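What follows is a short report on a single structure.
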Amino acid sequence: MISNGPLIGLIRYGSGNLRSLENALHRLNVPTVVSDDPAKLGSVEKLIFPGVGEARSAMERLTDAGLLSWLRSTTQPFLGICLGMQLLFDRSTERETDCLGVLPGTITRFSSGKVPHMGWNTVEPTGDDPLWSGLPPNAYFYFVHSYFAPLGDFTIGRTEYGQGFSSAVRHGSRWGVQFHPEKSGADGLKLLRNFVERC
Amino acid sequence: MLTRRIIPCLDVKNGRTVKGTQFVDLRDAGDPVELAAQYAEGGADELVLLDISATLEGRSTFLSLVTRVAEAVMVPFTVGGGIAAIDDILRALDAGADKVSLNSAILRDPSLLEVCARRVGSQSVVAAIDVRRSGASWNVWTRSGTTATARDAVTWARETVERGAGEILLTSMDRDGTNDGYDLDLLRSVSDAVSVPVIASGGAGNADHLAAALTQGRADAVLAASIFHYGRLTIAQVKHTLAEKGIPVRR
């Protein structure tokens, strides 16, 4: 198959399962490289940072892999997914973990309703962003998480579950989404395409 | 607003979808990859694939099927049936499944739940509980519903969550395949007892049954097989009925 588009790096750390993301990018016919090597990841055009497991062990694995300072400083366009978005914040109350500190604020656990927040929920874009290009205003995306990010200047998408939280964030060339675009049908694929082509 | 999930279930034996009544009497209902893709296109919020093959060849066929389903659909899916150890779970997730449901294995060794939750996270661990009414309470059954245990369903549900299950798939064996409606008392009792989502299973015959499970039964999601496989109802029709009753669904 002939691939086109920019080379996308998938950051692998620990034993995370990247199969769904690889399948989704394959559908978009986008070339990908999966790696935990900062030198190799530094040479791709854009990065996707998936989340695996819980905050503390994820931060430990990033530290062990020597990815931490590179992740904090890289200026490559970057999309964090699920825990990959949460790790952008200062800290998480999940096992009291210091995170990357790219965004201000603390990740906390849902205190009401069934936890995890699991299933399809709407995302309300809170401003224009290339990530939302061509998507309906209250598109459904698939969520599965027990901890959530606060609302702030960085919020570009808002979702309600007992309370409002940031379901999508942006800081310069870094984007983050709490939901799983790779599991969110046609709209999820559209969002990934937007990141690849427009961000 | 979080929507309620409609989940078609595919029972797979030696690479084909089958569906029986009260766990026996299997009929052929089609190619699983094709069916999975059709359901995802038609609005299924998730899928469940249960391997009911009894042989080793059947099991390896199932794993390659999981890989093909992951390529064919972009909605989450759970796999279950015969999963006995952490290695089986890692293989299923690596093949592209999002969650794994555990049934007999955790009844034999409940600590497997802790092992799994630590290794892959609770969000990927589903406790599947098959129950049969016994007087005023419900007994847990094991080995594909062939053997009774001494466990009470509500107590066991609570324990699976304490040990790390992120979701419960609750099947009423009394209702399974009957199309008489879900066991609402059972659903309510378990749903109120645990902090994680509960999937109702066993007994769906029409859209009103699904609505009742989500309202009176307080289930977070509903699983159904035969009403979808034999074309009695489409997922869109079911969601239309639920929406008319004010139940939030993704459309």
Quiz item: Can you list the residues of the range B:204-251 that have at least 30 square angstrom less accessible area with all protein chains present than in their chain by itself, probe 1.4 Å?
Solution: B:250
Quiz item: Under the Karplus relation 6.51 cos²θ - 1.76 cosθ + 1.60, θ = phi - 60°, what is the ordered set of whole-Hz ³J(HN,Hα) values for the range A:62-79, x standing for Gly and Pro?
Solution: 5, 5, 4, 7, x, 9, 5, 6, 4, 4, 5, 9, 5, 9, 5, x, 8, 10
Quiz item: Under unit Cβ charges (Lys, Arg +1; Asp, Glu -1), what dipole magnitude, rounded to 20 debye, does the range B:5-244 have relative to its Cα centre?
Solution: 280
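Can you pick out the pairs among A:46/A:190; B:13/B:239; A:40/B:99 whose Cα atoms lie more than 22 Å from each other?
B:13/B:239; A:40/B:99
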Quiz item: Can you list the HN-Hα couplings for the range B:236-242, worked out from phi with the Karplus curve (6.51, -1.76, 1.60; θ = phi - 60°), rounded to whole Hz and with x for Gly and Pro?
Solution: 4, 5, 4, 5, 4, 4, 5
Quiz item: How big is the accessible area of residue B:230 in square angstrom, nearest 10, if you roll a 1.4 angstrom probe over the protein chains?
Solution: 80
Quiz item: At residue A:106 and residue A:68, where each label point lies 7 Å from the Cα along Cα→Cβ, what is the point-to-point distance in nanometres?
Solution: 2.0
Exercise. Select from the range B:120-158 all residues whose loss of accessible area on going from the chain by itself to the full protein assembly reaches 20 Å² or more (probe 1.4 Å).
Key: B:123
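Compute the accessible area per residue over the protein assembly as shown, keeping the other protein chains in place, probe 1.4 Å, unit Å².
Numbers: 17270 Å² over 450 residues.
Per residue, the protein assembly as shown has 38 Å² of solvent-accessible surface.
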Quiz item: Where both residues lie in the range B:1-137, what percent of DSSP beta bridges are antiparallel, nearest 5?
Solution: 35
Quiz item: What is the spread of the Cα atoms of the range B:131-251 along each of their three principal axes, largest first, in whole Å?
Solution: 40, 28, 24
Quiz prompt | the protein assembly as shown - percent of accessible surface contributed by carbon and sulfur, probe 1.4 Å | solution = 47
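Compute the relative contact order of the range A:28-184 as a whole-number percentage, counting only Cα pairs closer than 8 Å that sit 6 or more residues apart in sequence.
Working: 309 pairs, mean separation 32.7, N = 157.
Across the range A:28-184, relative contact order equals 21 percent.
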Quiz item: Which of the residues in the range A:144-175 lose at least 20 Å² of accessible area when you go from the chain alone to all protein chains together (probe 1.4 Å)?
Solution: A:144, A:161
Practice problem: Starting from one equal scatterer on each C-alpha and no solvent at all, send me the Debye-based log10 I(q)/I(0) for the range A:64-146 at q = 0.23 Å⁻¹, two decimals. | Solution: -1.26
Quiz item: Over the Cα atoms of the protein assembly as shown, how large are the radius of gyration and the largest Cα-Cα distance (Dmax), in Å?
Solution: 21.2, 66
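If Rh is defined by the Kirkwood formula over all Cα pairs and Rg also comes from Cα, what ratio Rg/Rh do you get for the range B:5-244?
Values: Rg = 16.2 Å, Rh = 17.5 Å.
Rounded to two decimals, Rg over Rh is 0.93.
If Rh is defined by the Kirkwood formula over all Cα pairs and Rg also comes from Cα, what ratio Rg/Rh do you get for chain A? Let's see the in-between values first.
Values: Rg = 15.5 Å, Rh = 16.7 Å.
Value, to two decimals: 0.93.
Quick one: dipole size for chain A, taken about the Cα centre, charges +1 on Lys/Arg Cβ and -1 on Asp/Glu Cβ, in debye to the nearest 20.
Roughly 260 debye, rounded to the nearest 20.
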Self-check item: the protein assembly as shown, helix-only ellipticity at 222 nm - DSSP H runs n ≥ 4, -39,500 (n - 2.57), divided by all residues, nearest 500
Solution: -9000 deg cm²/dmol
Practice problem: Please sort B:242-251, A:179-188 by packing, taking for each peptide the average over its residues of neighbouring beta carbons within 10 angstrom, highest first. | Solution: A:179-188, B:242-251
Practice problem: For the B and A pair, go ahead and give the buried accessible area with a 1.4 Å probe, both sides summed, in Å² to 100. | Solution: 2400
Quiz item: In the neighborhood of residue A:79, defined by Cβ-to-Cβ distances under 9 Å, what is the net charge if each Lys or Arg adds +1 and each Asp or Glu adds -1?
Solution: +2
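Rounded to a whole number, what is D in µm²/s for the range A:34-81 from Stokes-Einstein with the Kirkwood radius over alpha-carbon pairs (37 °C, 0.692 mPa s)? Intermediate values should be presented prior to the final figure.
Values: Rh = 11.2 Å.
Roughly 292 µm²/s, to the nearest whole number.
The values are calculated or read from the model by the stated rules, or taken from the named source; none is laboratory data. On a predicted model such as this, the values are computed, not experimentally measured, just so you know. Cβ coordinates were reconstructed from backbone atoms using ideal geometry, including for glycine residues, and neighbour counts include every protein chain displayed. Ligands, DNA and RNA are excluded from the accessible area calculation, which covers all protein heavy atoms including side chains. Shrake-Rupley method; radii C 1.70, N 1.55, O 1.52, S 1.80 Å.
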